[in-house]
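Participant: Quick one: the structure is below, and I'll ask about it shortly.
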Amino acid sequence: MILVRQMRGLLAKRRILATLVRRDLRVRYGGSPIGYLWTIIDPLAMAAIYFVVFTLIFKARSVGYQPYVLFLIVGLLAWQWFSGSLTETSRALLAESRLIRSTNLPRELWVVRVVIAKMIEFILSMPVLAGFTIFYLIKGDAHLNARLLLVPVGLFLQFVLLTGIGLILAPITTLVTDTARVVRIVLRMGFYSTPIIYGVHAAPASLREVLLFNPMTGILELYRAGFFPHDLNYKSVVLSAVISFGILVIGTLVFERLESSVLKEI
Amino acid sequence: MAAPVIQADNLGIDFFRNRRRKMSLREMIYTGGTSHNKETFKALDQVSFTVQPGEAVGLIGGNGSGKSTLLKMIAGVLLPDHGSVRVRGGVAPLIELTGGFIGELSARENVYLTSGLHGLTKEQVDERFESIIDFAGPQVRAALDTPFRHFSSGMQVRLGFAVITTLDEPIVLVDEVLAVGDRAFREKCYTRMESMLSGGKTLFLVSHSESDLRRFAKRGLYLQQGRLVGDGDIEDVLEQYNADADAGT
């Protein structure tokens, strides 16, 4: 099967993959706490903005679950992984062209490595989430439950999804010069068509079904399940698993098909 | 005779005539197509040969005859459009020597990173670190913890050469890198390459320098516009090449 060969190739080079990820993180954090601050400051600022706009100005208390700030932060942190990963995987092959020209590694590695580095950034930003959770637990507004165990499932699905998208975008950006602009626009639209600042329940019935086909809907559902007492939307989770794996297969095929053209271009 | 380490069968690759494709979505949408020239040329065409372990092969040919392309395909950083090339064992590519180096990181970090990319463990690099730096010279040693981009180009290439030649890979590909570096360093490179050869490694060398070719290679492969037109003793092939060059073909 097609995925197996790629997986084997990557597993054989897992030490190199780890080296690259460590390098990414070292460049990102530069050994200083300021670097870490940058990872969390953006989602925190966004959370503050949406909190003010939606709860103080629109007085739309029902768009998310309560406490709304917690709801926002889960969504925004996950989205940061999503958008950062898309932006960087689409440039992954171009940005490392010198390395790719001089080392014979499975080319998928350059995409997977970005997704993993961004995932670790996401995991490292979890203490912020923990901080808010503790705050709301003390206030008595938060309700943790055993469904917290679904968080790793969400991580896994999002990893699969992002790898798939990255495998599609990376070669296309190399061949078609203005893909990066399109990615930027699509990301902006994606932000609002993903239940980050609102919950699926707040959308009109006609849109609810459509939202379920956004694979991030189910993934966010998994992340949030442990923090909020609402019923888990199983349909969205199943759909997102199916779509994520579908995209991974498509991505692997696209990447394989375009690989030799890409190598000639970079 | 042992199994060949490099086996090329009808190897071929096509390139677009203008190097970049220059496709853009805007153009595709507005004009329903792209202006990129679909005309291709064969950078390599039906190239077949085998190389036995321990052989020293010199690749000869004029500019644009496909030498570097062939080397890149052996190194696995270009994929063939036709035919196949099979390489048994790892390859130490002295092609883009500083390709794996990151300007912002220090020389020390870069040594670990690049050797890591070529499959050495941290312990193995620890072991070889001193000899790598020794080879790269005292200037490099003095600047071990400064960012790599502050190195002079000579120092960069020296460090690159030192790292790649300490790898254990059984096949060494060399693309014109001997032209760089000062005289003293070049001599050091020659000595290192000779010791690699006598250590049983397979050498694949691209050069325009006849003396380099004679010094290292026993066998010559002669490429002309992507086709293999000569394969034999290095002296004979050089003679053939010179005769062609003088005749103006």
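The values are calculated or read from the model by the stated rules, or taken from the named source; none is laboratory data. Note that the structure is predicted; figures quoted are calculated from it, not measured. Note that each Cβ is placed from the backbone with ideal geometry, even for glycine, and that neighbours are counted across all protein chains shown. The protein model used for the area step is the full one, side chains on, heavy atoms only, and it has no ligands, DNA or RNA in it. Shrake-Rupley method; radii C 1.70, N 1.55, O 1.52, S 1.80 Å.
A quick yes/no check of all residues on (1) surrounded by 18 or more Cβ atoms within 10 Å (Cβ to Cβ); (2) without any contact (Cβ under 8 Å) to a residue 60 or more places away in the chain:
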residue	(1), (2)
A:MET119	yes, yes
A:PRO127	no, yes
A:PHE135	no, yes
A:VAL153	no, no
A:VAL160	yes, no
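Participant: Look through region A:226-266, keep the residues that are over 24 Å from A:ILE2 (Cβ atoms) and in a helix (DSSP H, G or I), and return whichever of them is most open to solvent (accessible area, probe 1.4 Å). If you could, list the steps in order and put the result at the bottom.
Facilitator: Start the filter on region A:226-266 by keeping residues that are over 24 Å from A:ILE2 (Cβ atoms), which leaves A:226-237.
If we keep only those that are in a helix (DSSP H, G or I) as well, we get A:234-237.
On the way: A:TYR234: 155, A:LYS235: 110, A:SER236: 1, A:VAL237: 26 Å².
Selected residue: A:TYR234.
Residue-wise test of (1) touching a helix residue (DSSP H, G or I) at 6+ places or on another chain (Cβ under 7 Å); (2) at pLDDT 90 or above; (3) within 14 Å of chain B (Cβ to nearest Cβ).
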residue: A:LEU76; (1), (2), (3): yes, yes, no
residue: A:TRP79; (1), (2), (3): yes, yes, no
residue: A:PHE82; (1), (2), (3): yes, yes, no
residue: A:ALA92; (1), (2), (3): yes, yes, no
residue: A:ALA95; (1), (2), (3): no, no, yes
residue: A:ARG98; (1), (2), (3): no, no, yes
residue: A:ARG107; (1), (2), (3): yes, yes, yes
residue: A:THR133; (1), (2), (3): yes, yes, no
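Participant: Continuing with the same structure: Among B:GLY160, B:GLY100, B:GLY116, which is over 17 Å from the mean Cα position of the chain (by Cα), surrounded by 21 or more Cβ atoms within 10 Å (Cβ to Cβ) and within 12 Å of chain A (Cβ to nearest Cβ)?
Facilitator: Values: B:GLY160 fails: over 17 Å from the mean Cα position of the chain (by Cα); B:GLY100 fails: over 17 Å from the mean Cα position of the chain (by Cα).
On inspection, the qualifying residue turns out to be B:GLY116.
Participant: Oh, and also: Quick check on region A:127-136. Is at least one of its residues under 29 Å from A:ALA95 (Cβ atoms) and of a type in the set (A, V, I, L, M, F, W, C)?
Facilitator: So far as region A:127-136 goes, yes, one or more of its residues are under 29 Å from A:ALA95 (Cβ atoms) and of a type in the set (A, V, I, L, M, F, W, C).
Participant: Then there's this: Any idea which residue in region B:66-91 is nearest to B:LEU197 (Cα to Cα), counting only those that are small (Gly, Ala, Ser) and buried (at least 22 other Cβ atoms within 10 Å of the Cβ)?
Facilitator: Of the residues in region B:66-91, the ones small (Gly, Ala, Ser) are B:66, B:68, B:75-76, B:83-84, B:89-90.
Remaining after also requiring buried (at least 22 other Cβ atoms within 10 Å of the Cβ): B:66, B:75.
Numbers: B:GLY66: 25, B:ALA75: 18 Å.
Checked region B:66-91; the qualifying residue nearest to B:LEU197 (Cα to Cα) is B:ALA75.
Participant: Take B:GLN224 and decide whether it is under 22 Å from B:ILE74 (Cα atoms) and open to solvent by 20 Å² or more (accessible area, probe 1.4 Å). I'd like the intermediate steps shown before the answer.
Facilitator: On the way: under 22 Å from B:ILE74 (Cα atoms): yes; open to solvent by 20 Å² or more (accessible area, probe 1.4 Å): yes.
Criteria met by B:GLN224.
Participant: How many residues are more than 8 Å from chain A (Cβ to nearest Cβ) and without any contact (Cβ under 8 Å) to a residue 24 or more places away in the chain if we restrict to region B:119-130? Break it down into steps so the answer makes sense when it comes.
Facilitator: Restricting attention to region B:119-130, the residues satisfying the condition of being more than 8 Å from chain A (Cβ to nearest Cβ) are B:120, B:122-130.
Right, trim to without any contact (Cβ under 8 Å) to a residue 24 or more places away in the chain and you get B:122-127, B:129-130.
Residues meeting the conditions: 8.
Participant: To continue, here is another question. Take B:ASP175 and tell me if it is touching a helix residue (DSSP H, G or I) at 6+ places or on another chain (Cβ under 7 Å) and acidic (Asp, Glu). Working first, answer last.
Facilitator: Details: touching a helix residue (DSSP H, G or I) at 6+ places or on another chain (Cβ under 7 Å): yes; acidic (Asp, Glu): yes.
It is true that B:ASP175 is touching a helix residue (DSSP H, G or I) at 6+ places or on another chain (Cβ under 7 Å) and acidic (Asp, Glu).
Participant: If I ask for residues that are acidic (Asp, Glu) and either at the interface with chain A (Cβ under 8 Å from one of its Cβ atoms) or within 15 Å of the chain's Cα centre (by Cα) (or both), which ones from region B:51-97 would you list?
Facilitator: So in region B:51-97, the residues acidic (Asp, Glu) come out as B:55, B:81, B:96.
Answer for region B:51-97, where residues must be acidic (Asp, Glu) and either at the interface with chain A (Cβ under 8 Å from one of its Cβ atoms) or within 15 Å of the chain's Cα centre (by Cα) (or both): B:ASP81, B:GLU96.
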